[in-house]
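The values are calculated or read from the model by the stated rules, or taken from the named source; none is laboratory data. Predicted model, so just to flag it, every value in this text is computed and none were measured. Backbone-built Cβ (ideal geometry, glycine too); neighbour counts: all protein chains shown. Just so you know, the surface numbers come from the protein's heavy atoms only, side chains and all, with ligands and any DNA or RNA stripped out. Shrake-Rupley method; radii C 1.70, N 1.55, O 1.52, S 1.80 Å.
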Amino acid sequence: MKQILERVLNQEALTREETKDILIGITQERYAKEQITALLTALQMRGITVDELLGFRDGILETGVPAILDCDRYIDVVGTGGDRKNTFNISTTACFVIAGAGYKVAKHGNYASTSTSGASDVMANHGIRFTADADILNRSLNEAGIVYLHAQLFAHAMKFVGPIRKALQFPTCFNLLGPLVNPSKPQCQLLGVANLDQMRLYSNVYQKIGIDYGIVNSMDGYDEISLTGDFKVTTNDYERIFKPSELGMETITPEELKAGADEMEAKEIFDKVLANTATKAQKDVVMANAAFAIQVMEKGRKSIEDCVEAARESIDSGRAFAAFRRFAEINS
């Protein structure tokens, strides 16, 4: 570790294999906490490379619990978090809209760290029991079209760095790893990022992993499509800026996306969107994110207008809500 620290301080890049070995060493408690703290701080100051990030990802997946799903193609929809916008559970709600539209979803998530309600919070508040049981996971995917993978059951490595990350009180490379360590290794992903630097980093990561992806960023700093203004999307096939009007939607205000004062208010918004009783703004923003995920699943063969219509039909027909009800029956 002393040699590694010297190299990082000298602005040298580590290889993918080296960072994988470091991660495994952390789980085996081979390093002092002070050394891990120094490494995370040095990498944050220098900026992490694509191969370094992939190596940490490899190590987390290797030391964790795999989720073996009996399905060839499914998608995860997730944000990096940390945009501090405190929106309701847009990505999680969109996952059930995608499932209702007939696509398979493996949603990876955790409890909130900077917002009122994270994916695991809204699941727990509906009485969902988190599990790593392959039979239950596959039944959920096959019968409801969606499975939920609670991060803490799978990524064992994170508990070894948790106290250090909390003590540091600034973002580290581990904040970037959450979207990359879905234990089922999905073939498709829609990722929301809070800035364009992250968009470039993840684009390079996804190209090396070799999956179908879409990365979205609202130009005013949301790590999802917020419809509060223009937003940028980059995929395997294109990179461009959209206006809400190009989706047939109006520009909305930040206040219309708030999660509310507590987890129960966030849960209520989630329920209303799926039951088609939410505000137009809440429904539109979920449809927008679901639509770009559907386009990723379709390998770009469907126009975004058609994908918006598929998302709208999923809600209007009640299929999104039916997918959630079946999911809740299996997982409660």
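Within the set Ala290, Ala322, the sole residue that is in contact (Cβ under 8 Å) with a residue 60 or more places away in the chain and open to solvent by less than 10 Å² (accessible area, probe 1.4 Å) turns out to be Ala290.
Quick test for you: out of Gly210, Gly221, pick the one residue that is open to solvent by less than 30 Å² (accessible area, probe 1.4 Å) and on the phi > 0 side of the Ramachandran plot. Can you show your working first?
On the way: Gly210 fails: open to solvent by less than 30 Å² (accessible area, probe 1.4 Å).
Selected residue: Gly221, the only one of Gly210, Gly221 that is open to solvent by less than 30 Å² (accessible area, probe 1.4 Å) and on the phi > 0 side of the Ramachandran plot.
Just to check your reading of the model, which residue among Ala261, Ala278, Ala266, Ala322 is over 19 Å from the mean Cα position of the chain (by Cα), of a type in the set (Gly, Ala, Ser) and in a helix (DSSP H, G or I)? When all the criteria are applied, what remains is Ala322.
Restricting region 85-119 to residues that are in a loop (DSSP other than H, G, I, E, B) and β-branched (Val, Ile, Thr) leaves a set whose member that is surrounded by the most Cβ atoms within 10 Å (Cβ to Cβ) is Thr116.
Among the residues of region 45-60, those that are open to solvent by 10 Å² or more (accessible area, probe 1.4 Å), closer than 23 Å to Asn182 by Cα and assigned to a helix (DSSP H, G or I) comprise Val50, Asp51, Arg57, Asp58.
Determine whether Ala42 is open to solvent by less than 40 Å² (accessible area, probe 1.4 Å), hydrophobic (A, V, I, L, M, F, W, C) and within 30 Å of Tyr148 (Cβ to Cβ). It is false that Ala42 is open to solvent by less than 40 Å² (accessible area, probe 1.4 Å), hydrophobic (A, V, I, L, M, F, W, C) and within 30 Å of Tyr148 (Cβ to Cβ).
Here's the yes/no breakdown for (1) free of Cβ contacts under 8 Å to residues at least 40 places away in the same chain; (2) among the aliphatic types (A, V, I, L, M); (3) open to solvent by 80 Å² or more (accessible area, probe 1.4 Å):
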site	(1), (2), (3)
Ile215	yes, yes, no
Ile225	no, yes, no
Asp230	yes, no, no
Thr235	no, no, no
Lys243	yes, no, yes
Glu246	no, no, no
Asp262	no, no, no
Glu268	yes, no, yes
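In region 171-192, the qualifying residues are those that are outside any strand (DSSP E or B) and modelled with pLDDT of 95 or more, and the one that is most open to solvent (accessible area, probe 1.4 Å) is Lys185.
Within region 207-246, the set of residues being farther than 18 Å from Val78 by Cα and either among the basic types (Lys, Arg) or in a strand (DSSP E or B) (or both) comprises Lys208, Glu239, Arg240, Ile241, Phe242, Lys243. Inspect region 121-135 for any residue being of a type in the set (S, T, N, Q) and either on the phi > 0 side of the Ramachandran plot or outside any loop (DSSP other than H, G, I, E, B) (or both) and give the result as yes or no. The answer is no; no qualifying residue exists.
For the residues Phe170, Phe154, the requirement of being at negative phi and touching a Pro at 6+ places or on another chain (Cβ under 8 Å) singles out Phe154.
Counting only residues that are assigned to a loop (DSSP other than H, G, I, E, B), closer than 30 Å to Phe327 by Cβ and open to solvent by 10 Å² or more (accessible area, probe 1.4 Å), how many does region 137-170 have? Please lay out each step first, then the result.
Restricting attention to region 137-170, the residues satisfying the condition of being assigned to a loop (DSSP other than H, G, I, E, B) are 145, 154-157, 169-170.
Going one step further and asking which of them are closer than 30 Å to Phe327 by Cβ, we end up with 145, 154-157.
Filter once more, so that each one left must be open to solvent by 10 Å² or more (accessible area, probe 1.4 Å): 155-156.
Of the residues in region 137-170, 2 are assigned to a loop (DSSP other than H, G, I, E, B), closer than 30 Å to Phe327 by Cβ and open to solvent by 10 Å² or more (accessible area, probe 1.4 Å).
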